[in-house]
Amino acid sequence: MIKSVAVLGAGQMGNGIAHVFAQYGYQVFLYDIAGEQLEKALATIRQNLERQAKKGVIAESLVGETVGRIITTQNMTDLAQVDLAVEAVSEHEPLKLDIFRKLDEIVQPGAILASNTSSIPITKIASVTRRPEQVIGMHFMNPVPIMKLVEVIRGHATSEETFAATSELVAKLEKEMAVSQDYPGFIVNRVLIPMINEAVFALYEGIASAEDIDKGMKLGTNQPMGPLTLADFIGLDTVLAIANVLYDGFKDPKYRPCPLLVKMVNAGYLGRKSGRGFYSY
């Protein structure tokens, strides 16, 4: 029975995951190396809960209760007794592997270790632990409190028990589950990132302006936002990281990142979070 959850990484994804677990009654330990980031995450969670209360999604009384279930920490040893740890740090393989090595040493033996990775193989992450059968992918969508999907990825050694416990948990969070085999990009990013990359190529080759590419895809295929707007929302560095995982994983030239995407990331134009990407914010 999962009662307490650790979320590692207090960025955009981490604070959203912590928010949802706390909202559904779980004791949450939110870990980050930066105290300032933890403070910012708690403020964001409170703000988002208040927005939900105003819209009538949750009762006003639940705002304080939910925030009260979240304990912030900069010390990973505080996570020792949790039943589940969800890693949600940046999409950087060496960092993720290092965190899973440490988690495996710290967290109680029966606990499940999950990764919110959007593209890095779960089998590879699990291989650095002594409990590969208890490692699974739980890829939440952004923004986590609103988006209904959790992509669940079974590593090569993931046990039926781990999968069953994760499935049950997704249902308790009132999310929908899509199950993917452990190949680069899984389901969502295997389809999404090449589409975004192709939109960047269309801009790079002068086929149309960013506005017209987005308008064409938004109005022509009924998407809520165009691919370049979406790339800015995700973060161009994250888009490039996933594109590189696909390219390296499949060795297929169709996944090669557009040179314009690479150049923009090198220039620090990362989208909304840096104030400038394909659009200015």
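We did not get these values from a lab; they are worked out from the coordinates using the rules stated. Because the structure is predicted, anything quoted here is derived from the model rather than measured. No Cβ is skipped: glycine too gets one built from the backbone with ideal geometry, and neighbour counts run over all protein chains shown.
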Review point. Roughly speaking, what is the stretch gain from Thr77 to Lys3, that is 0.36 nm per residue apart minus the C-alpha to C-alpha distance, in nm to one decimal?
Key: 24.8 nm
Study note, to complete from the structure: region 189-274: relative contact order from alpha carbon pairs under 8 Å, six or more residues apart, as a whole percent, is 32
Point to revise | Shape call, region 4-180: gyration tensor on alpha carbons, a/c limit 1.5 | key: prolate
Check your understanding: Tell me, what is the percent relative contact order of the chain, built from C-alpha pairs under 8 Å that lie six or more residues apart?
Key -> 14
**Study point:** Highest-fluctuation residue, Ile120, Ile17, Ile193 considered, GNM on the chain with Cα pairs under 10 Å
**Key:** Ile193
Check your understanding: Over the chain, what is the percentage of antiparallel beta bridges among all DSSP beta bridges, to the nearest 5?
Key -> 20
Exercise for review: Springs between alpha-carbon atoms under 10 Å, Gaussian network over the chain: tell me which of Asn15, Asn266, Asn116 tops the mean-square fluctuations.
Suggested key: Asn266
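How high is the FRET efficiency from Asp212 to Arg101, r the C-beta distance, R0 35 Å, rounded to 0.05? Please list the in-between numbers first.
Values: r = 47 Å, r/R0 = 1.35.
Efficiency, from the Cβ-Cβ distance: 0.15.
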Check your understanding: Roughly how many nanometres apart are two label points built 7 Å out from the Cα toward the Cβ at Met225 and Val179?
Key -> 3.2
Practice item. Go through 154-167, 132-145, 57-70 and give me the packing order, highest mean Cβ count within 10 Å leading. Key: 132-145, 154-167, 57-70
Study note, to complete from the structure: Ordered by fewest other Cβ atoms within 10 Å, a rough proxy for footprinting exposure, Met195, Met1, Met264, Met217 read Met1, Met195, Met217, Met264
Review point. Using the Cα gyration tensor of region 110-196, with a ≥ b ≥ c the square roots of its eigenvalues, what is the shape: rounded (a/c below 1.5), prolate (a/b larger than b/c) or oblate (neither)?
Key: oblate
**Study point:** Pairs beyond 26 Å (Cα-Cα), from Lys3/Lys175; Lys55/Lys148; Lys40/Lys124; Lys148/Lys263; Lys172/Lys218; Lys124/Lys251
**Key:** Lys40/Lys124; Lys148/Lys263; Lys172/Lys218
**Study point:** Distance from region 189-222 to region 140-183 (C-alpha centre basis), Å
**Key:** 29
